[in-house]
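Worksheet: the structure to be examined is printed underneath.
The values are calculated or read from the model by the stated rules, or taken from the named source; none is laboratory data. In this text the structure is predicted, and so the values were computed from the model without any measurement. Using ideal geometry, Cβ is built from the backbone for each residue, glycine included, and neighbour counts are taken over all protein chains shown.
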Amino acid sequence: MLRRKLFIAVAAAAAMLAGSAFATPTAPKNGAEYTTLKNPQPVQAEGKKVEVIEFFMYHCPACYALEPAMLEWVKKQGDNISFRRIHLPLTGEKDPEAHLFLTLEAMKLESQLHAKVLHTWHVERKRLQSDDANIEWAVKNGIDKEKFLAVYNSFAINNRLKNAGRVAASYEVNSTPTIIVNGRYSTNPSQVDASNPGIPRQQLTAATLQVLDALVAQSRK
């Protein structure tokens, strides 16, 4: 009986230590929790700020799950970083989701309406998968139809949409969510998960953000 109790106690302690290790990848390794891009990209951040880019897609469940914690992380970083999003064009040069994102961004409404687009997809279960659906959504959410269409159909937006795939390729991004730090380092929850076998699913987001903390600190050096 004593031996059995001792075994249970040791096993429990080991499990606690393993869980703690998995949950805190504070010293991520290149090729494991993150990857260094073969061709680092120029950054738009000014001064000493570190640029952080989240490649995402509106319909992506993993992006939606990451969103609350990601926003809190960005808020905590404050002036340490310059944060922006890029929508991965899943269906190519006419991807309706990326088209909506680029239009809202050009109208300086992306930050204001980002949560509403996600709510439409993941809570209301409405698929914005066509130009008509995007236009209807925009009007419903208080955007002047003529102004929206003027930007939506503009040469500048359609040219950016056409080039969106090349932008993603330059950052070596082919899945979402993927986060790029300082135009040089790439990481995502799947990569963190694969590098830490057995990490509890509920701790994966926190672990991913710890990797971002380390990459931002590394970039600031």
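Quick rundown of the values:
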{"read-out": "Selected residue (criterion: surrounded by the fewest Cβ atoms within 10 Å (Cβ to Cβ)) from residues of region 107-116 that are within 17 Å of His59 (Cα to Cα) and in contact with a helix residue (DSSP H, G or I) (Cβ under 7 Å, 6 or more places away or on another chain)", "value": "Glu110"}
{"read-out": "Identity of the residue in region 25-45, touching a Phe, Trp or Tyr at 6+ places or on another chain (Cβ under 8 Å) and among the hydroxyl-bearing types (Ser, Thr, Tyr), that ends up surrounded by the most Cβ atoms within 10 Å (Cβ to Cβ)", "value": "Tyr34"}
{"read-out": "Region 46-62, subset buried (at least 17 other Cβ atoms within 10 Å of the Cβ) and out of contact with any helix residue (DSSP H, G or I) (no Cβ under 8 Å at 6 or more places or on another chain), residue farthest from Pro96 (Cα to Cα)", "value": "Glu51"}
{"read-out": "Unmet requirement for Thr26, which otherwise passes all of (1) assigned to a loop (DSSP other than H, G, I, E, B); (2) β-branched (Val, Ile, Thr); (3) modelled with pLDDT of 95 or more", "value": "(3)"}
{"read-out": "Filter result for Ala69 (of a type in the set (Gly, Ala, Ser), under 22 Å from Ala164 (Cα atoms), at pLDDT 95 or above and within 20 Å of the chain's Cα centre (by Cα))", "value": "no"}
{"read-out": "Residue that is crowded, with 19+ Cβ neighbours inside 10 Å and either closer than 13 Å to Met57 by Cα or over 20 Å from the mean Cα position of the chain (by Cα) (or both), where the choices are Leu104, Leu128", "value": "Leu128"}
{"read-out": "Where a residue in region 92-106 is at pLDDT 95 or above and among the β-branched types (Val, Ile, Thr) and its partner, wherever it lies, is surrounded by 20 or more Cβ atoms within 10 Å (Cβ to Cβ) and part of a helix (DSSP H, G or I), with Cβ under 6 Å and at least six apart", "value": "Thr103/Tyr152"}
{"read-out": "Entirely in region 131-221, the helices (runs of 4 or more DSSP H) that have 2 or more residues that are over 14 Å from the mean Cα position of the chain (by Cα), within 21 Å of Glu67 (Cα to Cα) and in contact (Cβ under 8 Å) with a residue 60 or more places away in the chain", "value": "204-220"}
{"read-out": "Residue match in region 65-79 (condition: in a strand (DSSP E or B) and within 17 Å of Thr178 (Cα to Cα))", "value": "no"}
